[in-house]
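Asks: Mind looking over this structure? Questions follow.
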Amino acid sequence: MSHTIQYQHGRISVPNQPIIPFIEGDGIGKDIIEPSQRVINAAVKKAYGTTKKLIWKEVLAGKKAFELTGNYLPDETLEAFKEYLVGIKGPLETPVGEGIRSLNVALRQTLDLYVCLRPIRWFKGVPSPVRFPELVDMHIFRENTEDIYAGIEFMTGEEKAIKFRDFLINEMGVDKIRFPESSSFGVKPVSKEGSERLIRAAIKYAIDRELPSVTIVHKGNIMKFTEGAFKNWGYELAETEFTHQTFTWKKYKQIELEEGPDAAKTALSKAKAMGKVIIKDVITDAFLQESLLHPFEHSVIATLNLNGDYISDQLAAMVGGIGISPGANINYNSGYAIFEATHGTAPNIAGTGKANPGSLILSGAMLLEYLGWYEAAEHIYDAMEHTFSKRKVTSDLFNMMEGATLLSTSKFADEIIRNIH
Ligand code: NAI
């Protein structure tokens, strides 16, 4: 019997007992991984009895890997993720001065995991700074491989920075560098392919889950050829590849111009009634305000790397913070997917039993959904909500909730398992 997940032509084929590689992670990784696996196993058992089961296979990365192999990211780990396709990881500390920029970035780049997916939903009972947290249900598709995050930077005074500056001024006729002698430089590559594959994944996700809209978030008003092009390529893609399943604001504005506002409104209502996904765009700064004031107007969000970084943390804070925000890095062409706790290694609380395993548990629920094991994922969501509504929480949420009961990492997981009905 095969235990290996296969992926062909965008379709995943999952055996009943797939092998799932996992990285324990540094810091609180050790505290949260085992309780999370217990919850995930219990949900699978509840949903499928003995028919289905995850076979966990530990692979090494981070400090543990360095201690055991002398390498922070052994080749065997990358090979395991390639062979088994879908895995999960705890947080990894960024090694200082060891010649490798970040283990997370290395994993994403090697497997070309171009989508960083962060679903943002509120669980009843969780303290939130917004008035109507129950209206928050957003799914962020953050581009993971391009943008100013690509790591092309030149430090002022260094040879490459001088060469780059001289090239810009002498060859390209650039005269807008305010302080050329002391400037550092960064490059922001944004490609048509990179933008299209990200936005395609976001639109498909909205269609598959019957979600109402995709909002393209960008700063195209200022950065016209990168962020502006991202938006334009997104609209073009929607209109050419998803003609019958989407209705774009670009089209709305065109109808408004040619036939008047009433015709445009009618076309939009008709598209909504037909269940078409509405494709719109919002400028990033406006979006940060918009998402607080009218979260229900936005469902799937497609955005570039840096915008996505800021947006993810703001939206996470709206529903309880990074302790319970799940995430995944996915390549929808190859099928490679690594689900992960979105927080860091939290060295200040490692080993104390204070860590909230929620982020990793919910990332596990996302993994189950990716496998098509929706019933098991639902058990986790229900049990989590039940636990929060009984005000049983870990220390990060305890001080924000009146009348709450404080549980350790492990006891919180036990409570969730008890609430899997
Ligand atoms: P952090 O997320 O580890 O900690 C920030 C604050 O949040 C701390 O007060 C911490 O105690 C708290 N916190 C984080 N996760 C929590 C949880 N599950 N339950 C309760 N409280 C929690 O961020 P920081 O301190 O900036 O980074 C520490 C290390 O983690 C660095 O080496 C950084 O590079 C790495 N990191 C790794 C990430 C990953 O592997 N995906 C993501 C972010 C940071």
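The values are calculated or read from the model by the stated rules, or taken from the named source; none is laboratory data. Every value quoted in this text rests on a predicted model; they were computed, and no experiment measured them. All Cβ positions, glycine included, derive from the backbone under ideal geometry; neighbour counts span all protein chains shown.
Asks: So if I check each of Lys270, Lys280, Lys276, Lys265, which one is in contact with a helix residue (DSSP H, G or I) (Cβ under 7 Å, 6 or more places away or on another chain) and over 21 Å from Pro129 (Cβ atoms)?
Replies: On the way: Lys270 fails: in contact with a helix residue (DSSP H, G or I) (Cβ under 7 Å, 6 or more places away or on another chain); Lys276 fails: in contact with a helix residue (DSSP H, G or I) (Cβ under 7 Å, 6 or more places away or on another chain); Lys265 fails: in contact with a helix residue (DSSP H, G or I) (Cβ under 7 Å, 6 or more places away or on another chain).
Every option except Lys280 fails the conditions.
Asks: Between Leu198, Leu211, which is in a loop (DSSP other than H, G, I, E, B), within 29 Å of Tyr370 (Cβ to Cβ) and touching a residue at least 60 places away in the same chain (Cβ under 8 Å)? Walk me through how you get there before you give the answer.
Replies: Numbers: Leu198 fails: in a loop (DSSP other than H, G, I, E, B).
Result of the check over Leu198, Leu211: Leu211.
Asks: May I ask you to verify whether Thr94 is modelled with pLDDT under 95, among the polar types (S, T, N, Q) and part of a loop (DSSP other than H, G, I, E, B)? Write out each step before concluding.
Replies: Values: modelled with pLDDT under 95: yes; among the polar types (S, T, N, Q): yes; part of a loop (DSSP other than H, G, I, E, B): yes.
In short, yes.
Asks: Hey, which of the helices (runs of 4 or more DSSP H) in the range 222-341, taking only ones fully inside, have at least 3 residues that are polar (S, T, N, Q)?
Replies: The helices (runs of 4 or more DSSP H) meeting that bar are 284-293, 305-318.
Asks: Being buried (at least 22 other Cβ atoms within 10 Å of the Cβ), within 23 Å of Tyr370 (Cβ to Cβ) and away from the ligand (no atom under 16 Å from the Cβ) is the filter here, so list the residues in the range 299-310 that pass it. Steps first, please.
Replies: As a first pass, look at the range 299-310 and keep what is buried (at least 22 other Cβ atoms within 10 Å of the Cβ): 300-304, 307-308.
Subset that is within 23 Å of Tyr370 (Cβ to Cβ): 300-303, 308.
Those that are buried (at least 22 other Cβ atoms within 10 Å of the Cβ), within 23 Å of Tyr370 (Cβ to Cβ) and away from the ligand (no atom under 16 Å from the Cβ): Val300, Ile301, Ala302, Thr303.
Asks: Quick check, is Thr394 farther than 30 Å from Ile203 by Cα, within 16 Å of the ligand (Cβ to nearest atom), of a type in the set (Val, Ile, Thr) and out of contact with any Asp or Glu (no Cβ under 6 Å at 6 or more places or on another chain)?
Replies: Details: farther than 30 Å from Ile203 by Cα: yes; within 16 Å of the ligand (Cβ to nearest atom): yes; of a type in the set (Val, Ile, Thr): yes; out of contact with any Asp or Glu (no Cβ under 6 Å at 6 or more places or on another chain): yes.
For Thr394, the condition - farther than 30 Å from Ile203 by Cα, within 16 Å of the ligand (Cβ to nearest atom), of a type in the set (Val, Ile, Thr) and out of contact with any Asp or Glu (no Cβ under 6 Å at 6 or more places or on another chain) - is met.
Asks: Among Thr215, Thr240, which is the only one that is surrounded by fewer than 17 Cβ atoms within 10 Å (Cβ to Cβ) and either under 24 Å from Ser191 (Cα atoms) or touching a His at 6+ places or on another chain (Cβ under 9 Å) (or both)? Lay out the reasoning, then the answer.
Replies: Details: Thr215 fails: surrounded by fewer than 17 Cβ atoms within 10 Å (Cβ to Cβ).
So the residue among Thr215, Thr240 that is surrounded by fewer than 17 Cβ atoms within 10 Å (Cβ to Cβ) and either under 24 Å from Ser191 (Cα atoms) or touching a His at 6+ places or on another chain (Cβ under 9 Å) (or both) is Thr240.
Asks: Right, next: If you go through the range 391-400 one residue at a time, do you hit one that is part of a helix (DSSP H, G or I), of a type in the set (A, V, I, L, M) and modelled with pLDDT of 95 or more? Walk me through it before giving the result.
Replies: The initial filter retains those residues of the range 391-400 that are part of a helix (DSSP H, G or I), namely 395-398.
Checking the rest, the ones that are also of a type in the set (A, V, I, L, M) come to 397.
Checking which are modelled with pLDDT of 95 or more leaves us with none.
No, the range 391-400 contains no residue that is part of a helix (DSSP H, G or I), of a type in the set (A, V, I, L, M) and modelled with pLDDT of 95 or more.
Asks: Are any of the residues in the range 214-226 at pLDDT 95 or above, under 28 Å from Asp166 (Cβ atoms), β-branched (Val, Ile, Thr) and touching a Lys or Arg at 6+ places or on another chain (Cβ under 9 Å)?
Replies: Checked the range 214-226: at least one residue is at pLDDT 95 or above, under 28 Å from Asp166 (Cβ atoms), β-branched (Val, Ile, Thr) and touching a Lys or Arg at 6+ places or on another chain (Cβ under 9 Å).
Asks: Go through the range 405-414 and give me each residue that's buried (at least 19 other Cβ atoms within 10 Å of the Cβ) and in contact with a strand residue (DSSP E or B) (Cβ under 9 Å, 6 or more places away or on another chain). First the steps, then the outcome.
Replies: Initial filter on the range 405-414 (buried (at least 19 other Cβ atoms within 10 Å of the Cβ)): 407, 409, 412-413.
Scanning the range 405-414 gives Leu407, Phe412.
Asks: Can I ask one more? Counting only residues that are under 20 Å from His294 (Cα atoms) and among the basic types (Lys, Arg), which one in the range 108-156 is modelled with the lowest pLDDT? Walk me through how you get there before you give the answer.
Replies: The first filter runs over the range 108-156 and keeps only residues under 20 Å from His294 (Cα atoms), leaving 118-124, 126-141.
Among the residues that remain, those that are also among the basic types (Lys, Arg) are: 118, 121, 124, 131.
Details: Arg118: 96, Arg121: 91, Lys124: 89, Arg131: 85.
Here the answer is Arg131.
Asks: Yes or no: Glu369 more than 14 Å from the ligand (Cβ to nearest atom), in contact with a helix residue (DSSP H, G or I) (Cβ under 7 Å, 6 or more places away or on another chain) and farther than 25 Å from Thr145 by Cα? Let's see the steps before the verdict.
Replies: Values: more than 14 Å from the ligand (Cβ to nearest atom): yes; in contact with a helix residue (DSSP H, G or I) (Cβ under 7 Å, 6 or more places away or on another chain): yes; farther than 25 Å from Thr145 by Cα: no.
Criteria not met by Glu369.
Asks: Does Leu306 satisfy the condition of being more than 15 Å from the chain's Cα centre (by Cα) and under 19 Å from Ala202 (Cα atoms)?
Replies: Details: more than 15 Å from the chain's Cα centre (by Cα): no; under 19 Å from Ala202 (Cα atoms): yes.
Criteria not met by Leu306.
Asks: From Val96, Val126, Val115, Val136, grab the single residue that is within 16 Å of the ligand (Cβ to nearest atom), farther than 17 Å from Ala337 by Cβ and within 22 Å of the chain's Cα centre (by Cα).
Replies: Working: Val96 fails: within 22 Å of the chain's Cα centre (by Cα); Val115 fails: farther than 17 Å from Ala337 by Cβ; Val136 fails: within 16 Å of the ligand (Cβ to nearest atom).
The match here is Val126.
Asks: Let me ask something else about it. Residue check, Glu34 against (1) surrounded by 14 or more Cβ atoms within 10 Å (Cβ to Cβ); (2) among the acidic types (Asp, Glu); (3) away from the ligand (no atom under 16 Å from the Cβ), all met but one. Which one?
Replies: (3)
Asks: Right, another one. Hey, could you check the range 270-293 for residues that are among the small types (Gly, Ala, Ser) and either crowded, with 20+ Cβ neighbours inside 10 Å or under 16 Å from Phe247 (Cα atoms) (or both) and say which is nearest to the chain's Cα centre (by Cα)? Before you say what the answer is, go through the steps one by one.
Replies: Of the residues in the range 270-293, the ones among the small types (Gly, Ala, Ser) are 271, 273, 275, 286, 291.
After this cut, where a residue has to be either crowded, with 20+ Cβ neighbours inside 10 Å or under 16 Å from Phe247 (Cα atoms) (or both) as well, the list is 271, 273, 275, 291.
Details: Ala271: 28, Ala273: 30, Gly275: 25, Ser291: 17 Å.
Among those that are among the small types (Gly, Ala, Ser) and either crowded, with 20+ Cβ neighbours inside 10 Å or under 16 Å from Phe247 (Cα atoms) (or both), it is Ser291.
Asks: From Leu60, Leu54, Leu117, which residue is closer than 30 Å to Thr303 by Cα and surrounded by 15 or more Cβ atoms within 10 Å (Cβ to Cβ)?
Replies: On the way: Leu60 fails: closer than 30 Å to Thr303 by Cα; Leu54 fails: closer than 30 Å to Thr303 by Cα.
The conditions single out Leu117.
Asks: Specify which of the listed residues (Ile279, Ile324, Ile349) is more than 11 Å from the ligand (Cβ to nearest atom) and touching a residue at least 40 places away in the same chain (Cβ under 8 Å). Give the steps one after another, and end with the answer.
Replies: On the way: Ile324 fails: more than 11 Å from the ligand (Cβ to nearest atom); Ile349 fails: more than 11 Å from the ligand (Cβ to nearest atom).
Step by step, each of Ile279, Ile324, Ile349 is checked, and only Ile279 is more than 11 Å from the ligand (Cβ to nearest atom) and touching a residue at least 40 places away in the same chain (Cβ under 8 Å).
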